[in-house]
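The values are calculated or read from the model by the stated rules, or taken from the named source; none is laboratory data. This is a predicted model, so every value here is computed, not measured. Note that each Cβ is placed from the backbone with ideal geometry, even for glycine, and that neighbours are counted across all protein chains shown.
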Amino acid sequence: MKIPVTLNKTKVILDAQADEPLVKVLHKNGCPSVKSACMEGACGACTVLLNEVPVASCKIPAGLVKDMEIITLDYFEKSDFFTIIMDGFNKAGIKLCGYCNSGKIFSAYQILKNTKIPTRQEIKEQMKHLSSCCTDLETLVNGVIYAMQLQAKRLKRVTKIEGEK
Ligand code: FES
Ligand code: FES
């Protein structure tokens, strides 16, 4: 079937089976950052933004995304948000191995773009499925908090994160 979408800010028609996992379709359509790994929605390797919400694209049938906006890391890595998140991660000493970096980066983005300032515990809850061999959960949470602080500095906002000393 033909599926019109906006992919990385460009209107395209995806040619796919309705039940084909979106991750496979995106990979075929020039998005190498979208990786197939567990195919169970657990690891984060296939994460994309679907209408601004991070989703595991291995669990989304291509037929469902008609007329929706999809952003992959291939495009997102040119954004200011990406730079802020990576600066925060670097400050925490995080060295992403690349296996599930899109899951970590898009989950951090979801926290950063929310106007409500989360507690450390809330950040932990949101990121806990993404702790991994290359990043333990506490370090990952530190990276998100550093990114929030950098963003606040940029917006000249004072950020007090509950649970921080
Ligand atoms: S491949 Fe989709 S979450 Fe692991
Ligand atoms: S980025 Fe996910 S395991 Fe390294």
Within the bounds of segment 36-51, is there any residue that is more than 16 Å from ligand 2 (Cβ to nearest atom) and over 13 Å from the mean Cα position of the chain (by Cα)? no
Find the residue count for segment 1-42, including only residues that are in contact (Cβ under 8 Å) with a residue 60 or more places away in the chain, closer than 18 Å to D67 by Cβ and part of a loop (DSSP other than H, G, I, E, B). 3
Considering residues that are more than 16 Å from Y99 (Cα to Cα) and crowded, with 22+ Cβ neighbours inside 10 Å, the number found within segment 6-48 is 4
Some residue of segment 65-82 being closer than 23 Å to K113 by Cβ, within 11 Å of ligand 1 (Cβ to nearest atom) and outside the structural domain of H129 (by TED's automatic domain parsing): no
Look at segment 95-133 and say how many of its residues are among the aromatic types (F, W, Y), outside any loop (DSSP other than H, G, I, E, B) and either within 16 Å of ligand 1 (Cβ to nearest atom) or closer than 15 Å to V34 by Cβ (or both). 1
Inside segment 65-94, can you point out the residues that are free of Cβ contacts under 8 Å to residues at least 40 places away in the same chain and basic (K, R)? K78
Of the residues that make up segment 51-66, is at least one touching a Ser or Thr at 6+ places or on another chain (Cβ under 9 Å) and part of a loop (DSSP other than H, G, I, E, B)? no
Could you look through segment 138-147, keep only residues that are hydrophobic (A, V, I, L, M, F, W, C) and either part of a loop (DSSP other than H, G, I, E, B) or in contact with a helix residue (DSSP H, G or I) (Cβ under 6 Å, 6 or more places away or on another chain) (or both), and pick out the one that is nearest to G98 (Cα to Cα)? L140
Selection count, segment 84-118, where residues are out of contact with any Leu (no Cβ under 9 Å at 6 or more places or on another chain) and surrounded by 13 or more Cβ atoms within 10 Å (Cβ to Cβ): 7
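Residues are listed down the side, and each one gets a yes or a no for (1) of a type outside the set (V, I, T); (2) modelled with pLDDT under 95; (3) more than 17 Å from the chain's Cα centre (by Cα):
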residue	(1), (2), (3)
L73	yes, no, no
T83	no, no, no
C100	yes, yes, no
F106	yes, no, no
Q121	yes, no, yes
M127	yes, yes, no
G143	yes, no, no
V158	no, yes, yes
G163	yes, yes, yes
